Amino acid sequence: MPHAIRLQAHGGPEVLTLQEVTVGEPGPGEARVRHTAIGLNYIDTYHRTGQYPQSLPAGIGLEAAGIVEAVGPGVDWIKPGDRVAYSGGAPGSYATHRVMPAERLVKIPDGIDDVTAATLMLKGLTVQYLFRQTFPLKGGETILFHAAAGGVGLIACQWARALNVTMIGTVGSDAKAELAKANGCAHTIIYTREDFVARTKELTGGKGVPVVYDAIGKDTFPQSLDCLSPRGMFVSYGSSSGPVPPFNIMLLAQKGSLYATRPTLFTYAATRASLTAMADELFALVLAGKIKSEARQTFALKDAAEAHRTLESRATTGATVLLP
């Protein structure tokens, strides 16, 4: 019998309960997927708590890999038996089986296993749009990236190295600093005991960086702006410590004619053409050995609540996967 985590109410990890569900046949443009690995992402906690509200009851989870069991009319780019992965769309990946829009599915290339694919789609495609589209890196830049030892961060470390970009990364401990460096981060700042603004200025000879990628939010704002060189860009793509507070737009002028943006993967990968192009670039780097992604923590799907507690306590590094 298929099972899924369903939200009946917003709240703490305890609201994540496994239930039996009915999964029907796919309709036009749809596919039914049996999940083999499910990606855990910080945005899942926003859906759980209601920070990103949705109508209840609801599913949760945005990323998974699995096997196509059936396709509906009009679907000819995948077939039963294909290994596929996805991110985005309506929450609901915390499940053993799912019927979903087939346009969100991409084939997993030979040479990439399902668990690895489940660590790549949301986190890897996030790095793709951050580095290749939001503030396109050409090579030779020095950048600041917060949470460099997290799931997105470790992929960013490796992608920066592949692009010949010098990455300064903030981390919370010596162990996380070593992990980030091992993955290609040139300089680490342990924010629990170092002033990341002063250290960034020191590492850049007082110039600052052209771009800051920030998924922390409240705890790193407005200090992140002080790390930027004139006309630099503040890229806020998450808020693990809480949302960036409202601010007077004149602050950007006062700190050097700065730019600020709040992009999302779902906008950048809104069409199938853009999704597949982004995934192709990511998979090519993985197959070339330039990016390696692994599940550093695994939990059973039924233990999703414990996985959320571990994630929110900042006890995880890299990617975490739920196994059905």
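The values are calculated or read from the model by the stated rules, or taken from the named source; none is laboratory data. Only a predicted model underlies this, so the values are computations on that prediction, with no experimental measurement involved. Please note: Cβ atoms are built from the backbone with ideal geometry, for glycine as well, and neighbour counts cover all protein chains shown.
Do any helices (runs of 4 or more DSSP H) entirely within segment 232-324 hold 1 or more residues that are under 16 Å from the mean Cα position of the chain (by Cα) and in contact (Cβ under 8 Å) with a residue 12 or more places away in the chain, and if so, which?
By residue number, 265-268, 272-287, 304-312.
Which of the strands (runs of 3 or more DSSP E) contained wholly in segment 33-103 include at least 3 residues that are farther than 15 Å from Ala4 by Cβ and in the same structural domain as Ala279 (by TED's automatic domain parsing)?
Filter on segment 33-103 gives 63-71, 83-87.
Could you grab me the full set of residues in segment 1-20 that are of a type outside the set (D, E, K, R), surrounded by 19 or more Cβ atoms within 10 Å (Cβ to Cβ) and either assigned to a strand (DSSP E or B) or not assigned by TED's automatic domain parsing to the domain that holds Pro53 (or both)?
Ala4, Ile5, Leu7
What's the number of the only condition in (1) within 17 Å of the chain's Cα centre (by Cα); (2) among the hydroxyl-bearing types (Ser, Thr, Tyr); (3) under 30 Å from Arg34 (Cβ atoms) that Tyr213 fails to meet?
Tallying (1) within 17 Å of the chain's Cα centre (by Cα); (2) among the hydroxyl-bearing types (Ser, Thr, Tyr); (3) under 30 Å from Arg34 (Cβ atoms), Tyr213 fails exactly one: (3).
Inspect segment 300-309 for any residue being among the charged types (D, E, K, R), closer than 23 Å to Gly217 by Cβ and outside the structural domain of Asn164 (by TED's automatic domain parsing) and give the result as yes or no.
yes
Test Ile216 against the criterion of being part of a loop (DSSP other than H, G, I, E, B), in contact (Cβ under 8 Å) with a residue 60 or more places away in the chain and within 22 Å of Thr264 (Cα to Cα), and give yes or no.
yes
The rows are residues; the columns are (1) crowded, with 19+ Cβ neighbours inside 10 Å; (2) within 21 Å of Leu225 (Cα to Cα); (3) out of contact with any His (no Cβ under 7 Å at 6 or more places or on another chain); (4) modelled with pLDDT under 95.
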position	(1), (2), (3), (4)
Thr126	yes, no, yes, no
Phe131	yes, yes, yes, no
Pro136	no, yes, yes, no
Gly139	no, no, yes, no
Ile143	yes, yes, yes, no
Ala148	yes, yes, yes, no
Gly153	yes, yes, yes, no
Ala162	no, no, yes, no
Met167	yes, yes, yes, no
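Among the candidates Ala118, Ala148, single out the residue that is in a helix (DSSP H, G or I) and either in contact with a Ser or Thr (Cβ under 9 Å, 6 or more places away or on another chain) or of a type outside the set (Asp, Glu) (or both).
Matching residue, one of Ala118, Ala148: Ala118.
Where residues in segment 24-43 are out of contact with any helix residue (DSSP H, G or I) (no Cβ under 7 Å at 6 or more places or on another chain) and modelled with pLDDT under 95, which of them is farthest from Ala102 (Cα to Cα)?
Ile43
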